[in-house]
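Asker: I am attaching a structure below and will ask some questions about it afterwards.
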Amino acid sequence: MKRTAHRKTVSMALLASAAALALTSAARADEGGVSFWAPGQFGSLAAVPGEPGFSLPVVWLHVSEDAGAQKNFIVGGNLTAGIDAKADLLFFFPTYTFREPVWGAQAAFGLGWALGHQRATADVTVTGSLGNTIERSRTDEITGGSDLYGLGTLKWHDGVNNFIAYTMFGAPTGAYQLGRLANLSTNHWSLDGGGGYTYFEPSKGHEFSIVGGITYNWENPDTDYQNGVDSHIDWAASQFLNEQLHVGVVGYAYQQLSGDSGAGATLGAFKSRVFGIGPQAGYFFPVGKEKGYVNLKGYWEFAAENRAEGWNVWLSLALPLAVGK
């Protein structure tokens with residue numbers, strides 16, 4: 001793969017892989033299985049600088065996760081026995097990459113938002129007419145907008161070695177209702193930061209990326225529930241078969257470091273963890289004189305603790321906004 005070609009095409013891969021900032025699915029982690037960070041959002045070529053200017057990555061994310069009735073969760077203020085959740089989200093993430101270096105690095109910033117649909121089913125504990133507690137199966141659905149997400153990155157390039165530092169936030173602007181099993185918002189502010197590394201040898205087509213970070217969550221004011229501090233690692237490895245196509249494997253690890261707290265955290269510390277692994281394929285294609293990029297990757301989850309597990313699929317598309325320049 002020629003070095004001159006990779007500089008223009010790689011920016012599309014980077015923006016597409018990092019576009020979907022968070023998934024507010026009732027099956028993920030922390031309070032009610034809801035976490036700010038979506039494991040797997042960073043992927044191949046994560047730390048490689050790209051081309052300056054505006055881009056508009058679009059990412060479709062499907063999640064299907066389940067936990068048996070022996071597992072309890074607090075969802076929207078409800079005590080549930082198990083949960084079965086499915087979600088589809090379409091993320092839009094306009095991003096600007098600066099031309100002038102900052103601290104010797106290439107800087108970029110973007111704001112993201114998603115339109116989504118979620119369906120969640122669980123056995124909910126309710127109080128009967130005689131004051132006794134009973135369980136009833138209930139299904140809730142929601143279609144609407146997500147929270148607002150911001151991502152800032154700095155990327156350094158030195159031969160085959162590339163480095164990234166990032167920070168991101170989540171603002172609780174999405175669809176949320178106390179007592180509902182399906183919500184598209186965490187209903188609290190979040191702040192995440194971290195860094196990573198990419199090894200990329202264009203002449204041989206070898207690539208490996210790893211990015212780790214820490215998330216701090218503020219309290220949900222409607223449930224008096226504060227998620228603990230979370231840690232996460234995303235990684236990917238791929239081989240370019242030619243200048244257009246690369247294939248490989250992706251994975252992630254998610255571990256809650258400190259326990260949940262607040263009056264609403266009736267299940268105690270409730271520290272969660274999960275691992276995921278799966279295949280990926282990416283393809284660069286001509287768009288006028290520029291290049292577009294599409295990537296498909298999927299994860300199968302395992303070794304989950306205090307959260308549901310299942311599978312998820314990401315389909316990313318990135319198109320240049322200045323075609324022909």
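The values are calculated or read from the model by the stated rules, or taken from the named source; none is laboratory data. Treat the numbers as computed from the prediction; the structure is a model and nothing was measured. Positions of Cβ are generated from backbone atoms using ideal geometry, with glycine treated the same way; all protein chains shown enter the neighbour counts. Side chains are part of the model used for accessible areas, which takes the heavy atoms of the whole protein and leaves out ligands, DNA and RNA. Shrake-Rupley method; radii C 1.70, N 1.55, O 1.52, S 1.80 Å.
Asker: Restricting to region 205-223, and then to whatever is under 22 Å from G248 (Cβ atoms) and of a type in the set (A, V, I, L, M), can you tell me which residue is surrounded by the fewest Cβ atoms within 10 Å (Cβ to Cβ)?
Answerer: I210
Asker: Working carefully through the options A304, A308, find the one that is crowded, with 22+ Cβ neighbours inside 10 Å and under 19 Å from the mean Cα position of the chain (by Cα).
Answerer: Answer to the selection: A308.
Asker: What tally of residues in region 26-47 results from selecting those that are assigned to a loop (DSSP other than H, G, I, E, B), open to solvent by less than 10 Å² (accessible area, probe 1.4 Å) and modelled with pLDDT under 65?
Answerer: Of the residues in region 26-47, 5 are assigned to a loop (DSSP other than H, G, I, E, B), open to solvent by less than 10 Å² (accessible area, probe 1.4 Å) and modelled with pLDDT under 65.
Asker: Within region 97-111, can you find the residues that are in a strand (DSSP E or B) and under 16 Å from I164 (Cα atoms)?
Answerer: T97, V102, A105, Q106, A107, A108, F109, G110
Asker: Pick out the one residue from A114, A120 that is more than 24 Å from V250 (Cα to Cα) and aliphatic (A, V, I, L, M).
Answerer: Result: A120 is the single residue among A114, A120 that is more than 24 Å from V250 (Cα to Cα) and aliphatic (A, V, I, L, M).
Asker: With modelled with pLDDT under 85 and either in contact with a helix residue (DSSP H, G or I) (Cβ under 8 Å, 6 or more places away or on another chain) or not charged (D, E, K, R) (or both) as the only criterion, which of V75, V63, V59 stands out?
Answerer: V75
Asker: Please name all residue pairs, on different chains or six or more residues apart, with Cβ atoms under 6 Å, provided the first residue is in region 127-156 and is at pLDDT 90 or above and part of a strand (DSSP E or B) and the second residue is among the aromatic types (F, W, Y) and open to solvent by less than 80 Å² (accessible area, probe 1.4 Å).
Answerer: Matching pairs, first to second residue: G150/F169; T153/Y166.
Asker: Another question, if that's okay. Has region 78-87 got at least one residue that is outside any loop (DSSP other than H, G, I, E, B), more than 19 Å from T186 (Cα to Cα), at pLDDT 90 or above and open to solvent by 10 Å² or more (accessible area, probe 1.4 Å)?
Answerer: no
Asker: Further question: If L111 meets every condition in (1) modelled with pLDDT of 90 or more; (2) touching a Lys or Arg at 6+ places or on another chain (Cβ under 7 Å) apart from one, which number is that one?
Answerer: Every listed condition holds for L111 apart from (2).
Asker: Another question, if that's okay. Modelled with pLDDT of 90 or more, among the small types (G, A, S) and surrounded by 15 or more Cβ atoms within 10 Å (Cβ to Cβ), is that true of A265?
Answerer: In short, no.
Asker: Now for a different question. Output the number of the condition that G288 fails; it satisfies all remaining conditions of (1) more than 26 Å from N217 (Cα to Cα); (2) surrounded by 14 or more Cβ atoms within 10 Å (Cβ to Cβ).
Answerer: Checking G288 against (1) more than 26 Å from N217 (Cα to Cα); (2) surrounded by 14 or more Cβ atoms within 10 Å (Cβ to Cβ), the one that fails is (2).
Asker: A further question on this structure: Might you check whether a residue that is within 18 Å of Q177 (Cα to Cα) and crowded, with 18+ Cβ neighbours inside 10 Å occurs anywhere in region 57-66?
Answerer: No, region 57-66 has no match at all.
Asker: Could you please find all residues in region 227-261 being open to solvent by 20 Å² or more (accessible area, probe 1.4 Å), of a type in the set (S, T, N, Q), in a strand (DSSP E or B) and in contact (Cβ under 8 Å) with a residue 60 or more places away in the chain?
Answerer: Residues satisfying the conditions do not exist here.
Asker: Restricting to region 185-212, what's the tally of residues that are in a strand (DSSP E or B) and closer than 15 Å to L45 by Cβ?
Answerer: Residues in region 185-212 being in a strand (DSSP E or B) and closer than 15 Å to L45 by Cβ: 12 in total.
Asker: I want to confirm something. Restricting to region 271-282 and keeping residues that are free of Cβ contacts under 8 Å to residues at least 60 places away in the same chain and out of contact with any Phe, Trp or Tyr (no Cβ under 7 Å at 6 or more places or on another chain), which single residue is least open to solvent (accessible area, probe 1.4 Å)?
Answerer: It comes out as A281.
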